[in-house]
Structures are given as structure tokens and as C-alpha cells.
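**Q** Okay, handing you the structure first.
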Amino acid sequence: MGLKITGGNFRGKKLDILSIKAFRYTSSKVRESIFNMLKDVSGYKILELFAGSGIFSLEALSRGAHWATLVEKDERMVSLIKKNFENLSLKEKCEVLRMDAYKAIPFLYKKGVKYDIIFLDPPYEMGYVNGTLMRLKQNPLYTEDSIIILEHSKREIPNTGGQEGTITKRYGDTCVTMIFVKGAN
């Protein structure tokens, strides 16, 4: 079993996954929908929190993104991410941080890093969506033109702080909320 990249230079390439029940992979339908909404990601810097397999970043790099920082605390998934990036000769376009997302946010902020797209897909219904949004607000890793993308359960309601330009789409139990930071197109 494997995941396939849905678009860009690596469209159709199969990726290795771990067949462990605890891991939930973003479906190809949801990924395609996100990238159809984003349109062109050429030259973008991506931050993927709760990276899991790193499929979002691989999709973005396949579609022209410039750089990806992936944050994942599970050692097995970090090894998988590195293997998939190596197999696609993309390891020079990424940084993989084996650490908790809550700790990674202030760590990256202190480095002065900013991202065009911040994608997070935390475990469902455990409070991580709003906890992460709060930490991003305290340590902004985004610019006025950035987009924050949340993949979450339909039973979770992200606290977007009344940010205008927020879109939520539902795919069964999964919702994708895109927050267009003030000034974004």
C-alpha cells in the first residue's frame, strides 16, 4: 500500500507509508482540493506541522514550492519522511525537525523564519487545532500574505479570531479550513 502524489513533476509517484492504525493519511481527494484552491505554489516556503508522512510538503514541492520544513515527533514517521524525500531526490529542499509542534513553533520563530503556507493536520479532536493556532498567534511564522491550512474533524471548530477570508470545506468527517492572513489574495 502507498500514497500517490496527485500533481506536478512527481504526479503518480508512489510513496511508502507505515501500516499503523494510529496514523491517518490525508486522502488524495482532499489534497487535490487544497491544491486546486491554492492554484500556484511556485517558489513558496512551506511549514508542515504534525507532518506524519510529509505528503502535503511532497505535493507542494512537486508543484513548484521552493522549500519545506516538516515537524513530526514520531521517530518512525520522521524516518519515513526522510526515505520518501530521498527517493524523490528532494532532501536538499527540506528540513525535517523531530520535535513536538508546540515546541517547534517558538523554536522557528526565534530563528526569524516566515512561511507562505502553514499546513497542520494534527490528531483529531484532541485540542491541537486551537492550541496550535494560539501558539502561531504568539509566535507568528507567517506574513500578511500567508495562508494557514488546517485539516480537522468536522466536530472541531477552529478559533480563527474572526479573520476575514476564511474558507472551510467538508469531506465526510474531514474539514479543511484555509485562513488567508490579512492581505492575502
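The values are calculated or read from the model by the stated rules, or taken from the named source; none is laboratory data. Fair warning: this is a prediction, and the values are worked out from it, not measured in the lab. With ideal geometry, Cβ positions are generated from the backbone for all residues, glycine too; neighbour counts draw on all protein chains shown. Remember, those area values only see protein heavy atoms, side chains included, never the ligands or the DNA or RNA. Shrake-Rupley method; radii C 1.70, N 1.55, O 1.52, S 1.80 Å.
**Q** Applying the selection to segment 27-50, what residues are hydroxyl-bearing (Ser, Thr, Tyr), more than 23 Å from Pro123 (Cα to Cα) and without any contact (Cβ under 8 Å) to a residue 60 or more places away in the chain?
**A** The answer is Ser42, and nothing else.
**Q** Looking at Leu120, is it within 16 Å of Glu48 (Cβ to Cβ) and open to solvent by 10 Å² or more (accessible area, probe 1.4 Å)?
**A** no
**Q** Residues that are at pLDDT 95 or above and open to solvent by less than 10 Å² (accessible area, probe 1.4 Å), at least 1 per element: which strands (runs of 3 or more DSSP E) completely within segment 1-73 meet that?
**A** Correct list: 45-49, 67-71.
**Q** When the residues of segment 74-96 are narrowed to those that are surrounded by 19 or more Cβ atoms within 10 Å (Cβ to Cβ) and in contact with a strand residue (DSSP E or B) (Cβ under 9 Å, 6 or more places away or on another chain), which ends up nearest to Ile147 (Cα to Cα)?
**A** Cys94
**Q** If you check Asn159, Asn139, Asn84, which single one turns out to be of a type outside the set (A, V, I, L, M) and at pLDDT 95 or above?
**A** Criteria check complete, one pass: Asn139.
**Q** Just wondering, is there one or more residues in segment 73-95 that are under 12 Å from the mean Cα position of the chain (by Cα) and touching a residue at least 12 places away in the same chain (Cβ under 8 Å)?
**A** No, that holds for no residue.
**Q** Here is a follow-up. Taking the criterion of being over 25 Å from Met37 (Cα atoms) and open to solvent by 50 Å² or more (accessible area, probe 1.4 Å), would at least one residue in segment 143-153 satisfy it?
**A** Looking for residues that are over 25 Å from Met37 (Cα atoms) and open to solvent by 50 Å² or more (accessible area, probe 1.4 Å), one finds none in segment 143-153, hence no.
**Q** Within segment 95-145, track down each residue that is assigned to a strand (DSSP E or B), under 19 Å from Thr26 (Cα atoms) and not β-branched (Val, Ile, Thr).
**A** Matches in segment 95-145: Phe119, Leu120.
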